[in-house]
Amino acid sequence: MLVIGVDAGGTSTRAVLATGEGRVVGFGRGGSGNPTSSGLPAALAEVRGAIAMALAAGGASLSAVSGIVVAMAGHDARGGTSDWILDPLKEDGFSGELWFESDLLAMYASGAVAPIGYGVVCGTGASAVRVEGGRIVATADGLGWLLGDRGSGFWIGRGAAAAAVAELDGLGPESALTARVLQAAGIAGDGAHGRGVDGRPSALEQLVRVLYGQRPVQLAAFAPLVFDAAEEHDPIAEAILRDAGEQLVRTIGLVQTAPGPVVVGGSIVLRSGEPQQMLRAHVAECFGEQPFTLVDSGAAGATMLALRHAGVEVDEDTLARVRAGIGEAMRAGAVVVSPAAGTAVPGAARPRIDTL
């Protein structure tokens, strides 16, 4: 039996071809596979391309695959219909079952198989879930930049921008963040140090124009600057990260009940710093010696969910085989992009944290 797990994210897509025992025999990677992020045609092309790569690596055809799980934010992101992807897969020879799963559940399943546990994701956005019996039973936050995503990359990046604006406007203290934010926004040179016609600092006027000229969620790009400044003990940056950590602790507190493993993913909590440390401390205080696992994608989890849907009783050993197989495939030089995104180029795409 062969199954495919697809982690279709807003930035990248990963497809894993595995046997019923959880042995990884093929791996493929592409660009954004989420229709909300990249549009339906582009997302479909990336998912199909990643699947095709995994099949080619395993020397298999789509007709030999009994089931595929596609994990993505918003499930299928098409209001319940799967035709947008199922019909093209059928044209490619697929005759098995297709299931959509939450990207949050796939992230959790990438790090744990325990019947009760928790998932926390904090990248551009932020949310927490409680899993019971292999399903999500409670969710907190994940409400987007306007109404939520407390402690997220957006939250932190907005804090950096606000700190820079406050200093330039004379409302806030000096911070190492200001120079970093201006540089990241492309504002430099003598013109940035003068005054505008209304008396405001030119740098402030330019920064405001740049920030209002982009989508609000793009403020998340400033988040790494806060980590960098905090490493140099900038008090404003340290305060922003403490606030982010407190928000994440509050978010997981909204879903926590009985002790269980905690699986954490997303660029903010994968990076060593106050948010991750505060989460770790909270979990240790509330749950004791429960596992705290960092994962950098939901690829292994999507594969585990595909095996479950196919009737396989998965356990810790199965998960270990899947994760080790993906890590080996990537270390061996998995393809960085799918043909749909351009020329496939071998590259050393190593997993950043733990295994996938």
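The values are calculated or read from the model by the stated rules, or taken from the named source; none is laboratory data. As the structure is a prediction and not an experimental result, all values here were calculated from the model. When we count neighbours, we look across all protein chains shown, and the Cβ atoms used for this are built from the backbone with ideal geometry, even at glycine.
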In the range 166-183, residues that are surrounded by 18 or more Cβ atoms within 10 Å (Cβ to Cβ) and touching a residue at least 24 places away in the same chain (Cβ under 8 Å) total 7
Counted residues in the range 143-162 being closer than 22 Å to Ala71 by Cα and surrounded by fewer than 20 Cβ atoms within 10 Å (Cβ to Cβ) come to 2
Flagged in the range 24-38 as closer than 17 Å to Met53 by Cα and assigned to a loop (DSSP other than H, G, I, E, B), in numbering order, are Gly31, Ser32, Gly33
- Residue check for Arg195: surrounded by 14 or more Cβ atoms within 10 Å (Cβ to Cβ) and of a type in the set (D, E, K, R): no
**OP:** Check whether at least one residue in the range 193-206 is under 28 Å from the mean Cα position of the chain (by Cα), assigned by TED's automatic domain parsing to the domain that holds Leu147 and touching a residue at least 24 places away in the same chain (Cβ under 8 Å), and report yes or no.
**Re:** no
Turns out the helices (runs of 4 or more DSSP H) fully within the range 241-311 with at least 3 residues that are more than 18 Å from the chain's Cα centre (by Cα) and in contact (Cβ under 8 Å) with a residue 24 or more places away in the chain are 274-287, 299-309
